[in-house]
Amino acid sequence: MTEDAPKAVRVLLAEDQGMMRGALALLLDLEDDMEVVAQVSAGDRIVAEALAARPDVALLDIELPGRSGLDAAAELRQKLPGCQVLILTTFGRPGYLRRAMEAGAAGFLVKDGPVEELAGAIRRVLRGERVIDPALAAAALSAGPSPLTPRERDVLNAAADGATVADIAGKLFLSESTVRNYLSAAIGKTGTRNRMEAVRTARQNGWL
């Protein structure tokens with residue numbers, strides 16, 4: 001009498017590039033013990049789809065339309081704690097790794113790795129292990145934490161598209177003088193000359 005086959009690992013995949021998403025889904029479905037049960041192209045759909053599909057693992061990109069994968073990861077860990085979050089991104093930035101760990105992610109990998117490594121990482125996080133790209137882990141340790149406060153980060157994000165101080169103040173419900181203070185602090189902490197340079201430097205380090 002044969003034993004029942006082990007239950008397949010249920011995977012949610014969040015990736016905004018259709019070709020990449022399709023390729024990842026196909027490759028993971030080829031694994032005998034995995035099944036992609038949901039695919040989303042926007043960050044603001046992750047939590048709703050996860051609550052409907054109840055995946056074991058959520059494989060999330062970071063830069064997604066509607067909402068960052070890092071923000072979605074934090075909410076997902078609260079609302080569906082049984083689902084392990086694995087960040088898979090093109091942008092191997094130390095600041096992103098730190099924010100992913102703060103959001104409760106169990107792993108962080110960059111997209112240029114082999115698919116066998118990805119499948120192995122999914123199995124490892126389900127065993128309770130933490131899986132982090134080794135080179136990125138070393139870089140994160142040497143880079144140190146982000147110097148920006150959450151509010152300074154909010155203001156820089158709001159300034160990224162060239163918004164005026166008045167626009168930022170209205171969006172974040174702050175006074176214009178407070179916005180200027182946050183921008184000045186962020187410029188000082190990033191060692192830059194103006195807010196657009198501060199945005200660029202913060203993004204390069206994964207602080208935004």
Selection over the stretch 106-123 where residues are open to solvent by 20 Å² or more (accessible area, probe 1.4 Å), not charged (D, E, K, R) and not in a helix (DSSP H, G or I) yields a count of 3
Select from the stretch 32-66 the residues that are of a type in the set (D, E, K, R) and either modelled with pLDDT of 95 or more or open to solvent by 70 Å² or more (accessible area, probe 1.4 Å) (or both) and write down the one among them that is nearest to the chain's Cα centre (by Cα).
Glu63
Look through the stretch 124-150, keep the residues that are surrounded by fewer than 16 Cβ atoms within 10 Å (Cβ to Cβ) and of a type in the set (Lys, Arg), and return whichever of them is modelled with the highest pLDDT.
Arg127
Output for Cβ contacts, cut-off 7 Å, separation at least six or different chains, first residue in a helix (DSSP H, G or I) in the stretch 154-165, second hydroxyl-bearing (Ser, Thr, Tyr), reads Val155/Tyr182
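Let's see how each residue does on (1) within 18 Å of Glu15 (Cα to Cα); (2) touching a Cys at 6+ places or on another chain (Cβ under 9 Å); (3) of a type in the set (D, E, K, R):
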position	(1), (2), (3)
Ala72	yes, no, no
Glu75	yes, no, yes
Gln84	yes, no, no
Leu88	yes, no, no
Gly95	no, no, no
Arg98	no, no, yes
Leu109	yes, no, no
Asp112	yes, no, yes
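The values are calculated or read from the model by the stated rules, or taken from the named source; none is laboratory data. Values in this document were obtained by computation on a predicted structure and should not be read as measured data. Ideal geometry is used to build each Cβ from the backbone, glycine not excepted, and the neighbour counts take in all protein chains shown. We work out accessible area using only protein heavy atoms, side chains counted, and drop any ligands, DNA or RNA first. Shrake-Rupley method; radii C 1.70, N 1.55, O 1.52, S 1.80 Å.
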